[in-house]
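The structure appears below as structure tokens.
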Amino acid sequence: MPALVTIADDFTGAGDQAGMLAEAGVRSLLVLDPEYPLDPRQWDAVTYASRLRSVPAREARSVVADLYARAGDPLPHMIQYKYCSTFDSTPEGNIGPCLDMAGDMLAVSGTVVVPALPVNGRTTYMGYHFVHGVPLHESPMSRHPLNPMADSNLLRWLGLQTPSAVGLVNHDVVRQGPERVRDGLEALWEGGTVYAVVDCICQEDVRCIAEAVWDLPFISGSSALAMELPAIWREKDILDPEGGRPKTLIATGTPPPTVALSGSCAAQTLRQVEHASGFTQIRVDTGSLLGGELAPVAGELTGQMARVLKGGGFPLVTSSQPVEERAELQARALAQCLSARDLGLRIEQLMGMLAKAAVEELGVRRVLVAGGETSGAVCEALGLRAVEILAEIDPGVPLCRSVPDGELVLALKGGNFGADDFFEKAARMGG
């Protein structure tokens, strides 16, 4: 059975987790359709992708209950609820409600909350969360179109989402080693505090926390612990010491026909679109999405993609916008009684239509996607049920291949993940 089964609250977050595990030498499967008939003996780690992050809390509870039931059959060594390293959520949830459901279904009295991911600049100190040293509520995440982060205090923010008590294991304790961290955790749980936020500012802290929680049945956090747990589990004979190792994929001389789709408005994605050497940028007229059918818009953009591919180029279709343009578009949408979520869904639907056209009509076999919600829409439109992780392009950004047919290679990138040259590297990496 798998050592770890993860439930991730969006598609690129799931890819981030599965990619970190693969990089640590784990046979890692990313499941996009929970009905996919997987063989648990074939994989060391299984990660379920979902779209829990932005759906209404009631719907999230229903979906996560089904996923927890699947995660525990057969019972793995550990189950993780994985959320973004920027703790994307609102005062209503959905992190708190989804963690509460775990307590009900998995019979755990408490767990850790570790959203830090130092390798990508996300750190927690004294319960406050930072992005590259900037308090979360002052970072670009404060302007997230669906889940704007208005408070950097994780204890306070999570406390709004759950009736359970939230406490802290601070950095002074973490510096004293795994045993003191475990003592701190157990003291909180025994005192009735269910959720323990753990400070974490560097990779050494990640390793310390992993050593403190390696035997827990349930944890929560970013993909950081997935980087360190496999080595510990090999020491404990939970994973085969001679098991899978990360594949080494080299850049190909001539990249295969590739289409890139960008629906994210994250600052890093905007830089990546700007630096996408070798790609022909095709801008989506986002104003055209405010009313009417999407099919004509998709048809026009598919024609543009076809012309670029016929000329030997790679199209990059993007609806990504800087903050000012996005705010103006949202104001126009609101005037037509479309919420930010409604507008986002139309963009996602369009990107899904374009991905399907690229594969089925234009013969593309490599699709690069920027944006968590966009990635979910693309995978659903393509009817993908599961993918194996080939390698990491950048930390938290895996290159994947569809299973069982192996016909399609994808890169699914969270908005703020990946280096500036992500698109070029993802097009050239072998697979």
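The values are calculated or read from the model by the stated rules, or taken from the named source; none is laboratory data. Small disclaimer: the values here were computed from a predicted structure and weren't measured. Note that each Cβ is placed from the backbone with ideal geometry, even for glycine, and that neighbours are counted across all protein chains shown.
Table for the structure above
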{"read-out": "Residues of region 216-231 that turn out to be of a type in the set (Phe, Trp, Tyr) and assigned to a loop (DSSP other than H, G, I, E, B), as a count", "value": "0"}
{"read-out": "Failed item, numbered, when residue 281 is tested on (1) part of a strand (DSSP E or B); (2) in contact with a Cys (Cβ under 6 Å, 6 or more places away or on another chain)", "value": "(2)"}
{"read-out": "Tabulated pairs, region 193-204, first among the small types (Gly, Ala, Ser), second surrounded by fewer than 20 Cβ atoms within 10 Å (Cβ to Cβ), C-beta under 8 angstrom, 6+ apart or interchain", "value": "196/189"}
{"read-out": "Any hit, region 284-291, residues being touching a residue at least 60 places away in the same chain (Cβ under 8 Å), of a type in the set (Ser, Thr, Tyr), within 24 Å of residue 418 (Cβ to Cβ) and assigned to a helix (DSSP H, G or I)", "value": "yes"}
{"read-out": "Residue in region 301-320 that is within 24 Å of residue 56 (Cα to Cα) and either assigned by TED's automatic domain parsing to the domain that holds residue 413 or touching a residue at least 60 places away in the same chain (Cβ under 8 Å) (or both) present", "value": "no"}
{"read-out": "Within region 250-264, considering residues that are buried (at least 23 other Cβ atoms within 10 Å of the Cβ) and out of contact with any Phe, Trp or Tyr (no Cβ under 9 Å at 6 or more places or on another chain), the one modelled with the highest pLDDT", "value": "261"}
{"read-out": "Pick from region 326-375, criterion free of Cβ contacts under 8 Å to residues at least 12 places away in the same chain and in a helix (DSSP H, G or I), ranking: farthest from residue 54 (Cα to Cα)", "value": "360"}
{"read-out": "Filter result for residue 139 (in contact with a helix residue (DSSP H, G or I) (Cβ under 8 Å, 6 or more places away or on another chain) and of a type in the set (S, T, N, Q))", "value": "no"}
{"read-out": "Residues of region 175-199 satisfying the condition of being closer than 27 Å to residue 61 by Cα and under 23 Å from the mean Cα position of the chain (by Cα)", "value": "195, 196, 197, 198"}
{"read-out": "Of residues in region 325-376 being acidic (Asp, Glu) and surrounded by fewer than 20 Cβ atoms within 10 Å (Cβ to Cβ), the one nearest to the chain's Cα centre (by Cα)", "value": "342"}
{"read-out": "Which numbered condition residue 220 fails, given (1) over 27 Å from residue 231 (Cβ atoms); (2) within 24 Å of the chain's Cα centre (by Cα); (3) among the polar types (S, T, N, Q)", "value": "(1)"}
{"read-out": "Residue that is under 30 Å from residue 183 (Cβ atoms), out of contact with any Leu (no Cβ under 7 Å at 6 or more places or on another chain) and surrounded by fewer than 24 Cβ atoms within 10 Å (Cβ to Cβ), where the choices are 33, 100", "value": "100"}
{"read-out": "Residues that are in a helix (DSSP H, G or I) and surrounded by fewer than 22 Cβ atoms within 10 Å (Cβ to Cβ), drawn from region 120-177", "value": "137, 138, 140, 142, 143, 155, 156, 159, 160, 171, 172, 173"}
{"read-out": "Any chance residue 62 is in a helix (DSSP H, G or I) and of a type in the set (Ser, Thr, Tyr)", "value": "yes"}
{"read-out": "Residues of region 136-174 classified as more than 21 Å from the chain's Cα centre (by Cα) and closer than 16 Å to residue 416 by Cα, total", "value": "1"}
{"read-out": "Identity of the residue in region 406-430, of a type outside the set (Gly, Ala, Ser) and part of a loop (DSSP other than H, G, I, E, B), that ends up surrounded by the most Cβ atoms within 10 Å (Cβ to Cβ)", "value": "417"}
{"read-out": "Positions within region 292-314 being outside any helix (DSSP H, G or I) and surrounded by 15 or more Cβ atoms within 10 Å (Cβ to Cβ), in sequence order", "value": "294, 313, 314"}
